[in-house]
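Each remark here refers to the structure printed beneath this line.
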Amino acid sequence: MGKLSASIAKKVAMALSGLFLVLFLAQHFTINFTSVFSEETFNSWSHFMGHNYIVQFIFQPILIFGVVFHFVMGIVLELKNNKARKISYKSYKGNSNSTWASRNMIISGAVILAFLGLHFYDFWVPEIVHKYVESNPEDAFRYYTELVQKFESPVRTGIYVLAFVLLMFHLWHGFASSFQTMGWNNKYSKAVKGFTKLYAIIIPLGFIVIALYHHFFNQIPH
Amino acid sequence: MKLTLKIWRQKNADTKGSLQTYPIDGIDGDMSFLEMLDVLNEELIEKGEEPVVFDHDCREGICGSCSLQIDGRPHGPERHTTTCQLHMRHFNDGDTVIVEPFRATAFPVIKDLMVDRSSFDRIQQAGGYVSVNTSGNTIDANATPVEKDNADEAFNSATCIGCGACVAACVNASAMLFTSAKVSQFALLPQGEVEATRRVLNMVEQMDKEGFGACSNTGACFIECPKDISLENIARINREYLKASAEG
Amino acid sequence: MSILDSKIPEGPLAEKWTNHKNNINLVNPANKRNIDVIVVGTGLAGGSAAATLAELGYNVKTFCYQDSPRRAHSIAAQGGINASKNYQGDGDSDYRLFYDTVKGGDYRSREGNVYRLAEVSANIIDQCVAQGVPFAREYGGLLDNRSFGGVLVSRTFYAKGQTGQQLLLGAYAAMNRQINRGKIEAFNRHEMLDLVLIDGKARGIIARDLVTGELERHSAHAVVIASGGYGNVFFLSTNAMGSNVTASWKIHKKGAYFANPCYTQIHPTCIPVSGDHQSKLTLMSESLRNDGRIWVPKKKEDAEAIRQGKLKPTELSEDERDYYLERRYPSFGNLVPRDVASRAAKERCDAGFGVNKTGEAVFLDFASAIKRYGKEQAVMHGNHNPSEEEVTKLGKEVVANKYGNLFEMYEKIVDANPYETPMMIYPAVHYTMGGIWVDYNLQSTIPGCYVTGEANFSDHGANRLGASALMQGLADGYFILPYTIGDYLADDIRTGKIATDQPEFEEAEKNVRERLEKLINNKGSKSVDDIHKRLGKIMWNKCGMSRNAKGLKEAITEIRELREQFWNEVKVPGSMDEMNPELEKAGRVADFLELGELFAKDALHREESCGGHFREEYQTDEGEAMRDDENFMYVAAWEYNGEPSEAVLHKEQLEYDYIEVKTRSYK
C-alpha cells in the first residue's frame, strides 16, 4: 500500500488496526464471559493464554503494536483535522447532521486509552511481574480469584462501566465506519452495518454485565 | 416578519472579524434568504454603512456560488436547499439568526461572508478531466455504449455544484465528498478508466495539500449537501485509491 | 451599399465551411507558442474556446467575474442540446436542423452561419461524450433523445434537467487539463473593464481584480469576448445576478458594431414575480409544456375571485376555463414556440384574466396529464375499471418521474403543491439574440476582437429555438473559433510579446480608473439597485413583450433621464481598493443604461414584427406577428458614435438561397 502520508492511507490504517482490535475484543470477551458461569473454564483458558508461547511472544506484541498504532494514528489525524478549521463557528449544530459518537471519536478513544492504562496497571503489569520478574511457579488456578478481587472496589467497577459505555460509542461509529473507509459499500452494507451496531452494543454491555456480576453477586472472602 | 440578524463582519483576509447585530423588519415569507440580505444591504447603504458582502450568482440553486452557515448549518435548516433557494417562510417572527461564513482553513475569508474556494478548483486541475483533445474528430458518440445504471450514477456524482457545504458541515473540514464525487464521475465511465490511477492519486494528494481534514465518516456532508451527493462516492474514492496505490 | 462584409465563403451551402477551412491560413505549432490569446467569459462559449486554443498551443488567459470558471451562467441551462445525429431515425439531417433554426429565427439569421452550426452539431455530441459528459442513456447503453418546442424531430440530447451544468463542467474540465499543463492562466474574480486597441487592432484588456480592487493590464494578439447576453438590462430576468453587458459594451464603444439589440427572448414558463423584493426570476423547463395545459378563466369575475383568493382554480369546471393556446393554435397547441406562447399569456393578462395577486400569471395545469397517465398505467397493470383515486395516484407517479425535480423546485419557491393545484407561470426575459456583430469568422468589426456564444448576434435571428443556445456556444468555442482565429493570427507570428507599457494601455487604464473614481466619489443618495430596478421597469413596460412607437420614444427619453440621474445621484459605498460588489454593480448598470437606449432605438427603427420583437402596429387582424421582408430583411448593426442616440445604422442584407422565406405559422 502507498505511503502513509495521504489522508486516505492513514484512514485505512486506522480502519484496519481498528478491525483488528475489534476481533481481539471479541476474543477477550469470550474468555471473560466464561467467568460468569465456570471458574474452571476461565482459569484454564486464562492459563493457556498466559503461557502459550505463540500467544505471548507473537500475538501479544502484535496486539500492543495495534493498540499503540491505532492510538498514534488517531492523534495524528486529529491534529490534521484540527488544523483544517482554525477558526471555529460561533454557532455549530453538529447534532442536526451527525451523531455525537461520530464527531467525538477522539474523546471516546482517549477515555478508552486512559482505561487501558488502568487495565494494564491492574492486570497486565502484575501478570508480567508475577511471571517474568519474580519468576513465580506456574499456578493455573489463580486467575479467577484475581479477577473477582479487582471488581470488589465500587470505584474501579464504576470506572470500568464508564469506559465500556464510551467503548460502545466508539464502536457504534468506528466499526461500521471502517468498512466505508476500506471502500466497502455495496448491497451487503446494510446488513453489515446492522451487525456492527449490534456488536457495538452487545460486547461492551457484556463486559459491563461481567463486571457488575462480580461486583454485586460474587464477593469471595480474602 | 421581524428578525434579529447576527452577521459575521470582517474587513478583509488580514483583519479579525466579529459578529454584528442587525435588527430587520418587514421580511416577507416569499423572499429568499439572499433577498432578505438584499433588503438589509439597501438599508445599510441608506444609512451610509457598508453592505454585507456575500457570494451569489444564479440564485436558482445550480451555480454553487452561494454559501453561508445559517444558524450553525450550511445553507440553513432545509435539506437539499441552497441558501438562494431557502425562503424566509421557514423562519419565525422574532427569531435571532446567526450568519457566518463557511469555515475551513482551505476556505479563507475574503470579506464578511465571502470565502475563497479556489482550493476546489485546484483539486480538479490535478486530474478531474479526461485527456482528450477538444477540437477535431473523435469516434461517434454511440460507438461506446455505457450501461444505463453507470451513466446515471456518473450523472448523479457529476451534479455536485462545488458549493463547499460538505466541508463547512464536516467536523474535520474534510473535502472528501466533493473530491469523491469528482473522482466517481470519471471512475464510472469507460472514457475515464484509462487515467483512473493517476487521477485519484493526484486529486487526493492535492486535496491533502490544500489543508482539508481527513474523512471520519460522520455523514454530515451528505445530510447538508444541497444536491444529495451520496456517501457511496466516498467509499468509491477509497476503493479507487487503494486500487491505485496497489498498482502504482 | 454596406461596409459590413460577412465574409461568407463561396460555394454551395453544404460545402462552404469545408472549403473555408481548407483555404484559411494556419499557424505553425511552433509559432503558436509565441502567440497570446485573451478569453473573457468562461461559460460554454468561452470555456470551450479557451480549452481548445490552449490545446492547439496558444497561450491563453481567461477572465471571469465568478470565483470559478465553472460557475458561469451556462450552468443553469436545463433542457438540452440539439444535434442532427438522427440517432432516432426520424428523418433528421443537417439541412433540417438548419431549416428549423432559420424558420424559428423568423428569417432574420445568416444562412451560412446557421448551416455551419448544424453541420458541426453532431461533432459536439461526440466530443462531449469523449470528455465524459454523462448524457442520459437508454437501457441499451446508447444516448437518449427528447423533443423540444417548434420542431418535428427528436434531436435533443440531455442530462436530466441539468444539461447546461454537465456541458459546462465538461468544458471546465477541458480547461483544467490545460491549466494543469500551464497553457491556460485563469484569472477568476476579475472583470474586464476596457479593450486596448493598438494601431486599430485589439491588443489587450484592462481588468480589475475584484478581490484587491487593483487594475491590471493584460496584452494579447487577439481578444475573444464570450461574456454572454444582456437580459439583465431588464433587472428581472432568468440571468444570473452578475450577468452583464459590460465587456460587449466596452468593445462596442471601441468600434465593434452592436447588432439587433432589440431581439430578446421572453421565455413563457417562468415562476411569476411575487413582490418588489424580487431579485431574479426562475425558469421552469420548457419540457413542462409537453404535458401541462395552459389556461385562464373564461370569465373576468372568476379571474378576479381567484386573485382575491375567494375561488380556487380547481373549483372551475372545464367549460369555465379558456385553454387559449389550444384555442388559438390548434395544431401546435401548448407547444408553440416561446415568443408566441409568451405574447399570448401577456395578451390574456392585459385583458384582465391574470390569476395571481399581481394579475400577471396564467395556469399551467397537470390535472389532465395526471388523469391520462393514470388511466394508461391502470390498464397496463391490468386494472380496467380503476377508481378515481387509483387513477390520480398512478398518474401522479408518472408525472413525478418526468418532472419531479421541477415540481419540487416550484414548491420550494412558491410554497404550493403543483400536484394538487395548477402551477402559476408568467413569461420572463431569458436570452438575447442580439449582440456584437461578427462575420463568418466570428470576428467583430475590430480586427483581432472575436465574439462567441450569446454575446454575438449570429445564429438565432429574431428568436431562438429551445436547446440551441448550448449548441451554438460549444460550436463556436470547440469547432469554429479555433480555426478561424488562426487565419488572423497567422500574420502575428513575428509580432512578439506585446508590451503593456505602451501609451494605449496607459490611456485605457487611466480612463477606467477615472470612471471608477467618479462612481466612488459621487456620494449621491440612490443605491445602484434602486436605479437598476427603475431601468428594468421602463424596459419591461415599453421594450418588453410588445412594443409600439409611442412607448419606445418615451423609453428613449426616460432612459436618458435615468442615466443622467444615475451619474448625479448614485451612491457607491466603500472604496476602489477592496472587494466591493456595489462598485461592480454600478459599473455594469452604467453600461446597461446606455445599452437600454440603443435597444429602444433599434426596436423603434424596426417597423415590423419578427420573432421576439413584436410591434403592436404590425400585426394581423388575429394578432399574429407581421414581418416586412421587403424593408427589414437585414441585420441592423449599430456603430457607436459618442452617445447611444447618435449611433449609426449599418445594414447587412440577408439573402436566402437555400430556403424559401415564408410566413411563420403554428396554427
Worksheet item: Within chain A, what is the longest stretch that has no GluC sites (Glu not before Pro) placed in a DSSP loop and near at most 11 other beta-carbon atoms within 10 Å?
Response: A:1-133
Worksheet item: How far is helix C:163-180 tilted, in degrees, relative to the longest principal axis of the Cα atoms in chain C, given as a value from 0 to 90 rounded to the nearest 10?
Response: 20 degrees
Discussion item. Tell me which GluC sites (Glu not before Pro) from the stretch C:1-66 have a DSSP coil assignment and no more than 15 other beta carbons within 10 Å of their own.
Written reply: C:GLU10
Worksheet item: So what's the angle, to the nearest 10 degrees on a 0 to 90 scale, between helix C:549-569 and the longest Cα principal axis of chain C?
Response: 60 degrees
Discussion item. Under the rule a/c < 1.5 gives rounded, and otherwise a/b versus b/c splits prolate from oblate, where does chain B land using the Cα gyration tensor?
Written reply: prolate
Worksheet item: Is there a simple number for the mean count of other chain Cβ atoms within 10 Å of the Cβ of residues in B:173-184, and what is it?
Response: 2
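Provide a whole-number value for the mean count of partner chain Cβ atoms within 10 Å of the Cβ atoms in peptide A:69-77.
What the average comes to for A:69-77 is 1.
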Practice prompt. Straight distance only, please: which lysines reach the Cα of C:LYS402 with their own Cα at less than 20 Å, same-chain residues fewer than 8 apart left out?
Written response: B:LYS148, B:LYS227, C:LYS160, C:LYS371, C:LYS375, C:LYS393, C:LYS412
Fill in: Gyration tensor (alpha-carbon) shape descriptor, the protein assembly as shown, a/c threshold 1.5
prolate
Worksheet, complete the sentence: Quick calc, the protein assembly as shown, dipole around Cα centre from Cβ unit charges on Lys, Arg (+) and Asp, Glu (-), nearest 20 debye, gives 1980 debye
Fill in: Within a Gaussian network of chain A (alpha carbon springs, distance under 10 Å), most fluctuating of A:MET182, A:MET105, A:MET14
A:MET182
Worksheet item: Taking every residue in B:150-162, how many Cβ atoms of other protein chains lie within 10 Å of its Cβ, on average?
Response: 5
Item to complete: Hey, for a label at B:ASN92 modelled as a point 7 Å past Cα toward Cβ, could you say which residues of the stretch B:57-81 have their backbone N under 18 Å away?
Response: B:71-72, B:77-78
Discussion item. Could you tell me how far the Cα centroid of the stretch B:83-120 sits from the Cα centroid of the stretch C:524-594, in Å?
Written reply: 29 Å
Item to complete: Name the most mobile residue of B:ASP28, B:ASP112, B:ASP140, meaning the one with the largest mean-square fluctuation, in a Gaussian network model of chain B with Cα contacts below 10 Å.
Response: B:ASP140
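Apply the Kirkwood formula to the stretch B:118-247: the hydrodynamic radius equals the inverse of the mean of 1/r over all pairs of different alpha-carbon atoms; give it in Å with one decimal.
One over the average 1/r among Cα pairs gives 15.1 Å for the stretch B:118-247.
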Worksheet item: For C:LYS523 and C:GLU646, FRET efficiency with R0 = 22 Å and r from the beta-carbon atoms, rounded to 0.05?
Response: 0.15
Practice prompt. Obtain the nm distance between the two label points defined at C:GLU320 and A:VAL55 by a simple spin-label model: each point lies 7 Å from its Cα along the Cα-to-C-beta direction.
Written response: 8.6 nm
Worksheet entry | Reach of C:LYS523 by Cα under 18 Å, taken over lysines that are not fewer than 8 positions away in the same chain | B:LYS47, C:LYS571, C:LYS585
Discussion item. So if I place +1 on the C-beta of Lys and Arg and -1 on the C-beta of Asp and Glu, and nothing else carries charge, what would the dipole magnitude of chain A be about its Cα centre? I want it in debye, nearest 20.
Written reply: 1880 debye
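How would you classify the stretch C:1-82 from its alpha-carbon gyration tensor, with a ≥ b ≥ c the square roots of the eigenvalues: rounded for a/c under 1.5, else prolate if a/b is greater than b/c, otherwise oblate?
It comes out oblate by the Cα gyration axes.
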Worksheet item: Which angle between 0 and 90 degrees, to the nearest 10, do you get for helix C:111-130 versus the longest principal axis of chain C when only C-alpha atoms count?
Response: 80 degrees
Worksheet, complete the sentence: Rounded to the nearest Å, the spacing of the alpha-carbon centers of the stretch C:162-178 and the stretch B:177-248 is 18 Å
Worksheet item: Taking the simple approach of a point 7 Å from Cα along Cα-to-Cβ for both C:TYR95 and C:ILE659, what is their distance in nm?
Response: 1.4 nm
Worksheet item: Which longest uninterrupted range of chain A lacks any chymotrypsin sites (Phe, Trp or Tyr not before Pro) assigned by DSSP to a loop state (not H, G, I, E or B) and surrounded by at most 14 other Cβ atoms within 10 Å?
Response: A:1-140
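Efficiency by 1/(1 + (r/R0)^6): what FRET value for A:PHE141 and A:ASN186, r their Cβ-Cβ distance, R0 = 56 Å, to the nearest 0.05?
The value I calculate is 0.70.
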Item to complete: Set the Förster radius R0 to 56 Å, insert the Cβ-Cβ distance between C:ASN548 and B:ALA246 as r into 1/(1 + (r/R0)^6), and round the FRET efficiency to 0.05.
Response: 0.15
Item to complete: In debye, nearest 20, what is the charge dipole magnitude of the stretch C:268-428 about its Cα centre with +1 on Lys and Arg Cβ and -1 on Asp and Glu Cβ, if you could check?
Response: 360 debye
Fill in: Hits among lysines - C-alpha to C-alpha of C:LYS357 under 18 Å, sequence gap 8 or more where chains match
C:LYS298, C:LYS299, C:LYS300, C:LYS310, C:LYS312, C:LYS346
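Where a number appears in this text, it was derived from the coordinates with a stated rule and is not lab data. Model, not experiment: these values are computed from the prediction. A quick note on method: Cβ atoms are made from the backbone with ideal geometry, for glycine too, and the neighbour counts reach across all protein chains shown.
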